[in-house]
Structure formats: structure tokens, C-alpha cells
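Here the structure is laid out as C-alpha cells; the discussion comes afterwards.
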Amino acid sequence: MEKEIWLPSRFSGYEVSSLGRCRSVERTTRHGHHRKARILRPNLSSRYPRITPSVDNEVFSVGIHVLVCEAFHGPPPPGAWALHRDDNPLNNTPENLYWGTPSDNEYDKVRNGNSFRANRTHCPRRHQLKAPNLEVWSLDRGQRKCLACSRARSYVRNVLGGVGDLQAISDEYYEKLR
């Protein structure tokens, strides 16, 4: 079994571990009260487990994944998010966390099979999303977009001046593609 490693968090009096846990350290408060070290129970009411550390009578709410990523990988680059490689918000080990962009997060969703757009089987107009009715450029972005609807939107916008029955026109394009 792996040995748990504890590192200080950005909040004084609190530490995070290599197993994705948080604890308060043993300390004496400014009022002279002795507090024992204890593992904190995360708040699971949101998608990401959070803790609410109290520092100098100020209470914060912060995701455990953010604290672990900061402690083990350093401060975030500008605009970066703390991301889970496996898309599991309960897996807050340093190996599973990294700093990335919202775009990186979407690529993770596609890679892990959790992307709504990549998993769709039909478009909103009920056309099946499979070849040859897929926009090639959207596949490169991990999305599945309806080619018949795209062509119909262009036709209505560019040829009909924005007025036309988009459902009927897209259905015609869909039948030609099948």
C-alpha cells in the first residue's frame, strides 16, 4: 500500500494528502483553545467534493482537487483549471490531477467517453448522426454534427434570405445523403 504524503495547503493550519484527503493540523487558536489534528469530511453536495476551511474567522469554500493540485503541482498558470484525467471528481490523487484549460477538459471528456456531443446518435431534427451525415470538421473537434442540417441552414440563410422551413429542407438533404 502507498504511503500517504501530507503537504501544506494555501490555508494555514490545513494540509492535503497524496490520497486526496484534507486535514486540519494540531494547533492552538488565538483564543488559547487546543485543536487536535483531524481528517476533514468533504461537503459532497456539489459535483466536486469541497471543504470549508476557516482562517482568521473567514470561511472559504474550495474544491479539494484545487488544493491538492496546488500543493503537488504548484500554483496554477493564468486561466488554468484543476482537471481530473479520468473525469472522476472523487479521485483527487496528484497523479490524476493537472492544470489545464477548458479545452483540455473537453478533450478529456471525449477520451473518457463522457462527452455529450461526441456520444450523440441523433441531431435535434432526428437525423441519424453517422457517415455520411457527419460534418468532417466537427469530428476533428470531438463533436458529431449533422451535415444535412448544416447544409439546410446555409441554404436558408444564403439562398432563401433567412426564410424557409428548416426541418423540411434538412430532411431533403438528409434523404439525399443516405
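Panel values: the range 31-72, Kirkwood radius from alpha carbon pairs, Stokes-Einstein at 20 °C and 1.002 mPa s, translational diffusion coefficient 181 µm²/s.
Among the trypsin sites (Lys or Arg not before Pro) in the range 96-132, those located in a DSSP loop and surrounded by at most 16 other Cβ atoms within 10 Å of their own Cβ are Arg120, Arg125, Arg126, Lys130.
Assuming a ≥ b ≥ c are the square roots of the Cα gyration tensor eigenvalues, decide whether the range 1-72 counts as rounded (a/c under 1.5), prolate (otherwise, with a/b larger than b/c) or oblate. In terms of gyration-tensor shape, oblate. Could you tell me which of Ile5, Ser24, His34 has its Cα farthest along the dipole of the range 1-110 towards the positive end, charges placed at Cβ (Lys, Arg +1; Asp, Glu -1), taken about the Cα centre? Projecting each Cα onto the dipole axis, the largest value belongs to His34.
Relative contact order of the range 52-101, taken over Cα pairs closer than 8 Å and 6 or more residues apart, is 34 percent. Geometric descriptor of the range 1-120, per residue, is 123 Å³ (volume of the convex hull of the Cα atoms). Measuring nothing but protein heavy atoms, the accessible surface of the chain at 1.4 Å probe radius is 51 percent carbon and sulfur. Annotation: cysteines of the chain without a disulfide-compatible partner (Cβ-Cβ under 4.7 angstrom) are Cys22, Cys69.
Rolling a 1.4 Å probe over the heavy atoms of the protein chains gives the range 16-168 an accessible area of 62 Å² per residue. Note on Trp137: accessible area approximately 110 square angstrom, rounded to 10, probe 1.4 Å, nucleic acids and ligands left out.
Taking Cα centre as origin and charging only the Cβ of basic (Lys, Arg, +1) and acidic (Asp, Glu, -1) residues, the dipole magnitude of the chain rounds to 380 debye.
Working from the Cα coordinates of the range 56-174, the gyration tensor eigenvalues give, after taking √(5λ), semi-axes of 42, 16, 12 Å in decreasing order. Of the residues Tyr174, Tyr155, ranked by 1.4 Å probe accessible area with the largest first, the sequence reads Tyr155, Tyr174.
The alpha carbon gyration tensor of the range 78-139 gives principal lengths a ≥ b ≥ c with a/c of 1.5 or higher and a/b greater than b/c, which makes the shape prolate.
The values are calculated or read from the model by the stated rules, or taken from the named source; none is laboratory data. As the structure is a prediction and not an experimental result, all values here were calculated from the model. Heads up, the Cβs are rebuilt from the backbone with ideal geometry, glycines too, and the neighbour counts pull from every protein chain shown. Please note that ligands, DNA and RNA were not included when accessible areas were found on the heavy atoms of the full protein model with its side chains. Shrake-Rupley method; radii C 1.70, N 1.55, O 1.52, S 1.80 Å.
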